[in-house]
Amino acid sequence: MQTDAKIERRGDTENFATSPRHRVAASVFKWLVRISRFGLAALFLFTAGAKLWILKKFASNVAELLSSASINYQRWQWPATIAVITAEIIAAILLIVPRTVRLGAVLASLMLIGFSAFALYYVYGLHGEALECGCFGGIIASQLGVKTALRNLGLLLPVLIVLFGHRAGASRPS
């Protein structure tokens with residue numbers, strides 16, 4: 001058994017592992033990372049599925065967004081629609097596979113920031129008319145704008161938890 005004096009002389013990393021309070025905090029954080037990771041994966045799979053459910057309507061929303069940005073919507077409507085849905089599915093898969101969790105978090109953060117930036121650009125830069133974003137298919141109605149951007153930016157919190165909290169090889173027993 002070690003004395004308190006010996007524990008005090010050790011480095012912080014060893015004290016962290018020996019203190020019951022720190023072990024509980026580390027365990028809680030580990031579960032928070034897992035919940036964030038699998039919650040984000042489920043969210044992206046859900047949104048991709050919802051978009052597939054109303055594919056033609058979502059594609060017409062994409063066409064309207066592209067048209068308002070002076071992009072040839074007839075040419076890019078379907079490639080952009082498929083790219084968004086595919087990116088969401090890929091992000092979900094990357095978040096599920098233990099070796100690619102951080103890559104999935106990076107892709108998720110880029111998508112969330114990109115969607116937020118475009119929502120704000122559409123409303124304030126292009127002065128676009130109110131448009132249902134179709135983010136969750138027809139299940140959750142949401143107008144493109146500040147509310148959509150804030151929701152997406154709020155989802156960056158679990159992304160950051162996963163990005164900085166997931167340890168490589170954490171799923172393997174020590």
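Structure notes:
- Annotation for the range 53-62: at least one member residue is among the aromatic types (Phe, Trp, Tyr) and either under 17 Å from the mean Cα position of the chain (by Cα) or open to solvent by less than 40 Å² (accessible area, probe 1.4 Å) (or both).
- The residues of the range 136-174 that are farther than 23 Å from residue 96 by Cβ and modelled with pLDDT of 70 or more, listed by number, are 142, 143, 144, 145, 146, 147, 148, 149, 150, 153.
- Counted residues, the range 118-135 - those being part of a loop (DSSP other than H, G, I, E, B), at pLDDT below 75 and touching a helix residue (DSSP H, G or I) at 6+ places or on another chain (Cβ under 7 Å): 4
- Residue match in the range 64-73 (condition: more than 24 Å from residue 147 (Cα to Cα), of a type in the set (Val, Ile, Thr), open to solvent by less than 80 Å² (accessible area, probe 1.4 Å) and assigned to a helix (DSSP H, G or I)): no
- Residues in the range 49-61 that are closer than 19 Å to residue 143 by Cβ, touching a residue at least 60 places away in the same chain (Cβ under 8 Å) and of a type in the set (A, V, I, L, M, F, W, C): 50, 54, 58.
- The residues in the range 90-125 that are open to solvent by 60 Å² or more (accessible area, probe 1.4 Å) and under 21 Å from residue 142 (Cβ atoms) can be counted, and the count is 7.
- Some residue of the range 16-34 being touching a His at 6+ places or on another chain (Cβ under 7 Å) and either surrounded by 17 or more Cβ atoms within 10 Å (Cβ to Cβ) or in a helix (DSSP H, G or I) (or both): yes
The values are calculated or read from the model by the stated rules, or taken from the named source; none is laboratory data. Just so it is clear, the model here is predicted, and its values are computed rather than measured. In this analysis, Cβ positions are derived from the backbone assuming ideal geometry, glycine residues included, and neighbour counts consider all displayed protein chains. In case anyone asks, the SASA skips ligands and DNA or RNA and just uses the protein heavy atoms, side chains included. Shrake-Rupley method; radii C 1.70, N 1.55, O 1.52, S 1.80 Å.
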